[in-house]
Amino acid sequence: MTVRPSDLANAVRALSMDAVQAANSGHPGMPMGMADAATVLFTQYLKFDPKDPAWPDRDRFVLSAGHGSMLIYSLLHLTGYQRPTIEDIRNFRQLGSPCAGHPENFELPGVECTTGPLGQGLAMAVGMAIAERHLNAVFGDALVDHRTWAIAGDGCLMEGINHEAAGLAGHLGLGRLIVLWDDNRITIDGAVDLSSSEDVIARYDATGWHTVACDGHDMADVARAIDEAIADPRPSLIRCRTIIGKGAPNKQGTSATHGSPLGAEEVAAARATLGWDHPPFEVPEDIRDEWLRFGARGASAHVEWQDRLASHSDRGEFERRIKGEVVLADAAKAAFADWDKMPASVATRKASELELEGLTAAMPELIGGSADLTGSNNTKTRATAPLTRANYGGRYIYYGIREFGMGAAMNGMALHGGVIPYGGTFLVFSDYARPAIRLSALQRTRVVYVMTHDSIGLGEDGPTHQPIEHLMSLRVIPNLDVYRPCDSVETAECWALALAKADGPGLLALTRQNLKQLREGGEMLSAKGAYRLRAAQAQRKVVLIATGSEVGLAVETAALLEAEGIGADVVSMPCWSLFDAQDAAYRADILPEGVLKVSIEAGTTMGWERYTGLNGLRFGLDSYGASAPAEALFDHFGLTAPKIAPQIVAALSS
Ligand SMILES: Cc1ncc(C[n+]2csc(CCOP(=O)(O)OP(=O)(O)O)c2C)c(N)n1
Ligand SMILES: [Mg+2]
């Protein structure tokens with residue numbers, strides 16, 4: 001029997017509905033609805049080699065509609081990736097199976113990014129497409145010449161993030177980005193028209209995209225649309241008209257197929273409708289062979305690429321970039337390169353800028369940017385020319401006022417590999433980027449967030465711009481290292497630490513206001529997360545723990561205490577998570593039992609009990625700030641040494 005293209009698509013449908021049925025949870029509708037279009041993409045267009053999922057010049061495929069995870073699991077399995085095995089698929093959604101509820105990049109090679117939070121996959125695809133064009137500009141067609149594909153659902157195109165992502169892609173003219181829209185007119189609550197009457201196509205047209213429609217169940221028509229998209233120099237949105245759950249005769253076209261198993265009866269009816277009379281999880285040999293043949297399609301292109309790389313003059317640098325290794329000592333050296341120019345009193349955002357000069361000069365893989373606060377975040381350096389549609393070789397991205405889009409794009413760039421992105425905004429607007437920051441941490445991407453104006457110390461802009469709960473709310477994100485350096489030395493150290501961490505993001509919280517120099521360099525103390533900056537002179541009665549701009553305040557407070565014969569250590573704690581990772585002896589030495597522990601940080605005090613204990617004191621701000629010059633605000637909120645010291649004295653004598 002000759003295998004028809006529809007048999008290939010039906011194999012995807014069958015695996016998807018059977019896996020969801022076996023797990024008794026999951027989303028059969030999306031994979032069944034997009035099986036035909038995805039089959040066209042994977043058999044005719046996508047450049048990949050299942051034998052080497054990390055081949056740098058592969059096309060990137062992002063399943064932005066991550067709930068349809070069985071679609072990508074089926075495709076990876078059928079095209080011959082080592083995993084998922086059929087056993088993995090049988091164990092869909094079970095503990096230990098790489099076939100998690102939603103696709104996770106750290107579980108399965110071939111899954112380019114973690115998706116499920118709708119819209120972010122599409123926005124990460126934009127970042128991947130940026131990285132591709134940039135590396136193409138640097139290394140040329142011989143080494144970098146691939147496309148980025150995404151499948152997005154109605155939800156992805158409704159989420160606000162899609163507007164930021166589409167705007168950026170349209171502006172940068174990312175013609176190698178092609179998005180297939182699963183236009184099934186259904187979401188969880190029912191028909192799309194319950195909640196939306198927008199003309200998505202008109203919106204994308206207006207944003208500088210090429211758009212085209214096709215019948216998502218007519219493979220020739222899908223191929224026609226893809227050909228048109230490839231030919232057009234703009235990013236493309238292909239509207240695939242589809243039927244959700246296609247093949248399930250009684251439920252297709254309804255939201256009943258979205259997120260529940262079809263049920264044994266409907267699965268049987270679907271088998272009859274599709275003419276698929278094979279047992280669950282069994283794909284007949286001829287169909288399996290045909291899929292594997294298509295899976296092997298990219299092998300020759302891969303070999304040719306390897307040959308080009310082998311004889312390429314930039315081979316060493318290309319491989320270094322892709323490997324992405326950053327040696328901590330080298331990064332630190334680069335950060336301190338312009339040290340003779342560092343003022344004695346300097347804002348940490350300004351120190352960061354000077355250090356970035358050295359870093360960006362030494363590390364061509366760094367790509368900077370800001371969400372329209374370049375002059376405030378101090379993120380632009382001489383080495384980083386603007387990355388524009390006319391010059392993809394540039395290294396500085398004007399993201400516009402798109403904090404979330406910037407975060408997601410940086411995730412995509414980091415996942416693509418070959419570049420290390422950093423981007424800035426005000427710390428208070430980390431909230432706008434938070435879902436992307438969370439995905440950086442979950443996906444283990446090396447992204448550096450440069451968040452300036454990190455407290456009431458920003459002054460006159462007032463409470464809308466003054467972060468209060470932000471530092472603490474960012475520290476609670478697992479695998480995110482939040483750094484709040486106290487001076488230019490710590491800032492350099494924190495930059496190096498963030499860049500050297502390959503498997504997770506770092507976030508630098510930097511001041512607007514000038515700070516005094518507290519350190520002289522030497523050993524990289526920030527690597528410990530917290531360390532004793534000043535040891536008590538008199539007998540130690542208190543340990544002051546502070547971060548960032550309040551470390552200087554702690555030093556002043558300690559001086560007042562010492563004048564009264566009270567010994568006070570000052571501990572600078574630029575990074576909680578690094579401190580928590582130290583051994584118990586170190587932590588006990590820095591924060592000993594039996595002495596009063598006091599935290600000082602110009603933000604929410606909630607959480608500092610972790611180090612002060614319930615009997616300690618916590619100085620901070622548990623209300624919103626106010627609009628005034630910084631000095632007046634610190635005084636108003638009681639964050640001055642003359643106001644803090646007496647409270648410590650009182651606590652010691654009570
Ligand atoms: C940010 C976000 N909000 C909500 C959800 C929950 N959710 C998952 S799928 C979905 C509906 C998506 O509709 P659509 O993209 O049209 O998918 P389809 O039903 O067509 O498969 C929702 C609300 C989510 N995954 N992410
Ligand atoms: Mg839909």
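No value in this document is a laboratory result; all are computed from the given coordinates. As the structure is a computational prediction, the values presented were derived from the model and not from experiment. Virtual Cβ from ideal backbone geometry, glycine too; neighbours counted across all protein chains shown.
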* Asked: In straight Cα distance, which lysines are under 20 Å from Lys501, not counting same-chain residues fewer than 8 positions off?
  -> Lys323, Lys333, Lys528
* Structure fact -> Mean projected area, convex hull of alpha-carbon positions in segment 25-69, reported to one decimal in nm², is 3.8 nm²
* **Taking segment 504-654 and dividing mean pair separation by its residue count, relative contact order in percent (alpha carbons under 8 Å, at least six apart)** => 23 percent
* **In segment 563-614, GluC sites (Glu not before Pro) in a DSSP loop with at most 10 other beta-carbon atoms within 10 Å** => Glu593
* Which shape class, rounded, prolate or oblate, goes with segment 56-122 when its Cα gyration tensor gives a ≥ b ≥ c as root eigenvalues, a/c under 1.5 marks rounded, and past that a/b bigger than b/c marks prolate? -> oblate
* Asked: So how do Trp339, Trp181 line up by other beta-carbon neighbours within 10 Å, fewest first?
  -> Trp339, Trp181
* Tell me, what is the percent relative contact order of the chain, built from C-alpha pairs under 8 Å that lie six or more residues apart? -> 12 percent
* Mind listing the long-range amide H neighbours of Phe619? Cut-off is under 5 Å, sequence gap 5 or more, other chains count too, H placed in the peptide plane at 1.01 Å from N. => Ser599, Ile600, Glu601
* **Relative exposure of Ser370, Ser572, Ser195, Ser577, judged by other C-beta atoms within 10 Å (fewest first)** => Ser195, Ser577, Ser370, Ser572
* To do: Set Lys and Arg Cβ to +1 and Asp and Glu Cβ to -1, take the dipole of the chain about its Cα centre, and tell me which of Trp55, Val200, Ala301 lies farthest positive.
  => Trp55
* Structure fact -> Fewest to most Cβ atoms within 10 Å: Ser97, Ser196 sort as Ser196, Ser97
* Asked: In segment 581-654, what chymotrypsin sites (Phe, Trp or Tyr not before Pro) fall in a loop by DSSP, with at most 15 other Cβ atoms inside 10 Å?
  -> Tyr624
* To do: Pull up the DSSP beta bridges for the chain and report the antiparallel fraction as a percent, rounded to 5.
  => 15 percent
* Note down, for the chain, the three equivalent ellipsoid semi-axes (square root of 5 times each alpha carbon gyration tensor eigenvalue), biggest first, whole angstrom. => 51, 26, 22
* Between segment 1-49 and segment 517-571, the alpha-carbon center distance in angstrom -> 61 Å
* **Sites excluded, trypsin sites (Lys or Arg not before Pro) in DSSP loops with at most 16 other C-beta within 10 Å, longest stretch of the chain** => 390-654
* To do: Could you tell me what percent of the DSSP beta bridges with both partners in segment 133-196 are antiparallel, to the nearest 5?
  => 25 percent
* So for the chain, taking the charge dipole from beta-carbon charges (+1 Lys/Arg, -1 Asp/Glu), which of Leu157, Ser352, Val489 sits furthest toward the positive end? -> Val489
* **Theoretical gain in end-to-end length, His312 to Asp227 [0.36 nm per residue, Cα-Cα removed]** => 27.5 nm
* **Charge dipole magnitude, Cβ of K and R +1, D and E -1 - segment 102-164, Cα centre, debye nearest 20** => 120 debye
* Just how far, in whole angstrom, is segment 148-196 from segment 75-132 if you go by their alpha carbon centroids? -> 19 Å
* Asked: In a shell of Cβ-Cβ distance under 15 Å around Gly96, excluding Gly96 itself, what net charge do Lys and Arg (+1) and Asp and Glu (-1) give?
  -> -1
* Asked: Near Lys597, which aspartates and glutamates are there with a Cα under 14 Å away, not counting those fewer than 8 places off in the same chain?
  -> Asp569, Asp589, Glu609
* To do: Take every Cα pair under 8 Å in segment 189-253 that's 6+ residues apart, average their separations, divide by the length, and report that relative contact order as a whole percent.
  => 29 percent
* Structure fact -> For the chain, the dipole about the Cα centre with charges only on Cβ (Lys and Arg +1, Asp and Glu -1), to the nearest 20 debye, works out at 640 debye
* Where GluC sites (Glu not before Pro) fall in DSSP loop in segment 250-306, at most 16 other Cβ within 10 Å -> Glu282
* Structure fact -> D (µm²/s, integer) via Stokes-Einstein for segment 242-366, Kirkwood Rh across alpha-carbon pairs, 37 °C, 0.692 mPa s: value 155 µm²/s
